[in-house]
Amino acid sequence: MNYKGYIVRLFFKIILLVGLILAITYFIYNDNNTYAVIIGLVILYVLINTYSFVKRRFVAMDDFFEAVKYRDFSRWFPEDRGPKDIRFLYTGFNEINRTIKEINSQNQAQYVYLQKILEMIDIGIIAYNLETGDVLWTNDSFGDILDIPTFKNIRFVENRKPELFNTIFETYHREPNSISIALQNESIKILISDTVFQVDDDAFKLIVIQDIDNTLNKNESESWKKLLSVMTHEIMNSIAPISSLADTLQSNLQLVIEQPKENTLQLDDLNSGIKTIKKRSDGLLKFAKTYRSLSKVTNLNLQRVKVSELFNNIQLLMAPSIEAKNINIEFKISGPKLTLDIDTHLIEQVLINLLLNAVDACKHKDDAQIKVLASQNSNRDIVIKVYDNGSGIPQDILENIFVPFFTSKATGSGIGLSLCKQIMLLHKGRIIVKSIEGEGTVFSLVF
């Protein structure tokens, strides 16, 4: 803002007042009372004018600060009338109002956006004042999960459901914790966590809850649907030809029994049909045994094992047969003291499955190479990676490779990677895959 005009005018008014004071002093000293009275009146006028001149600026600033105090940024100051310096002052005020309104508008939009997101999720959230119990914010999911109506103070829950109040509001859950709560005639399992935060002099508690019963049931249902879909497909593929062939053989036998003279029994055809039925039945039995092996792994025999020992066992077992296929295999450990608490037999089975898959992926590669590497990452997790530079996995089937009985191989059972994933989950670890078709694949076992 430009105050140059204001300062110049104020300066001349002060100079004028000083001159008039000197003049009235001169006339009083020379006993010229008439001129002294006239100059005295002029001095009074100039004083009043100067006071009004200065006061107008302070009144304008006082009005603006009053509006700021009460957060009234809707007021607009006229920029097209009044002294030039006042217009500059009003322009500055309007610019500040405009900026604050834009900031408030952006904050309001972000608040509404965040509020809508929190209202749409199925996770219950509540924040309340620790001292007064007044609710700062909550979403509908919180009340829906706990089967309570909307409330403004947590004392409402204390009066209605004291046990629920103690579990949710009085107990601290610094880490996410799974607990069961009783609601009317049923019990549900929820995942709960909370934290305390400070705003000025007030302490607030934020609680987050999630109904994991519904989530687990939904995931379990989806898993069963996928599993039943695959099993139904495999069983139907085996039963359909068996049923058709059995029907044909039964029809032929029925004709021979009813009309033995007109029809003869072809023993070769009968033998061939029975062999086919047996072969398909054996295939169906093998499929059932494969499913049983998938559901069999439930317990672990944990032992502390050095990764170097684990690699030595795998190398002795697998390296000769892999190298015989002109595939170079390398084992490397970043740190000889890496140890794992694992079921050795099961993890060896996982590594064997991954190595066999890598060999299959590299079988048409001239410079085929497989690497098995172990290291510890920044999170102190131990990671075993199985690299290959083979054909890679197509992106359209990459997300299904861990689904039981899913396979892209003509002779595969679709159980190997499913079993690997189940074993890693039992070890509270995870298996991660990254693959680029035509370049290779890496499976990571994270412990």
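Results, tabulated for the structure shown:
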{"read-out": "Scan of the range 108-132 for residues that are touching a residue at least 12 places away in the same chain (Cβ under 8 Å), within 27 Å of Ile212 (Cα to Cα) and of a type in the set (D, E, K, R), ordered by number", "value": "Glu119, Asp122"}
{"read-out": "Failed criterion for Phe406 (all others in (1) assigned to a loop (DSSP other than H, G, I, E, B); (2) surrounded by fewer than 20 Cβ atoms within 10 Å (Cβ to Cβ); (3) modelled with pLDDT of 65 or more hold)", "value": "(3)"}
{"read-out": "The range 297-327, residues that are in a strand (DSSP E or B) and open to solvent by less than 40 Å² (accessible area, probe 1.4 Å)", "value": "Val305"}
{"read-out": "Enumeration of residues in the range 328-355 that are crowded, with 18+ Cβ neighbours inside 10 Å and touching a Leu at 6+ places or on another chain (Cβ under 6 Å)", "value": "Asp343"}
{"read-out": "Boolean, Asp62 is charged (D, E, K, R), closer than 30 Å to Thr195 by Cβ, open to solvent by 60 Å² or more (accessible area, probe 1.4 Å) and in a helix (DSSP H, G or I)", "value": "no"}
{"read-out": "Within the range 109-178, helices (runs of 4 or more DSSP H) holding 3 or more residues that are more than 21 Å from Ala203 (Cβ to Cβ) and out of contact with any helix residue (DSSP H, G or I) (no Cβ under 7 Å at 6 or more places or on another chain)", "value": "140-146"}
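The values are calculated or read from the model by the stated rules, or taken from the named source; none is laboratory data. Given the structure is predicted, the values throughout are model-derived calculations rather than measurements. As a convention, Cβ positions derive from the backbone with ideal geometry for all residues, glycine included, and neighbour counts pool all protein chains shown. SASA here: full protein model, heavy atoms, side chains in, ligands and nucleic acids out. Shrake-Rupley method; radii C 1.70, N 1.55, O 1.52, S 1.80 Å.
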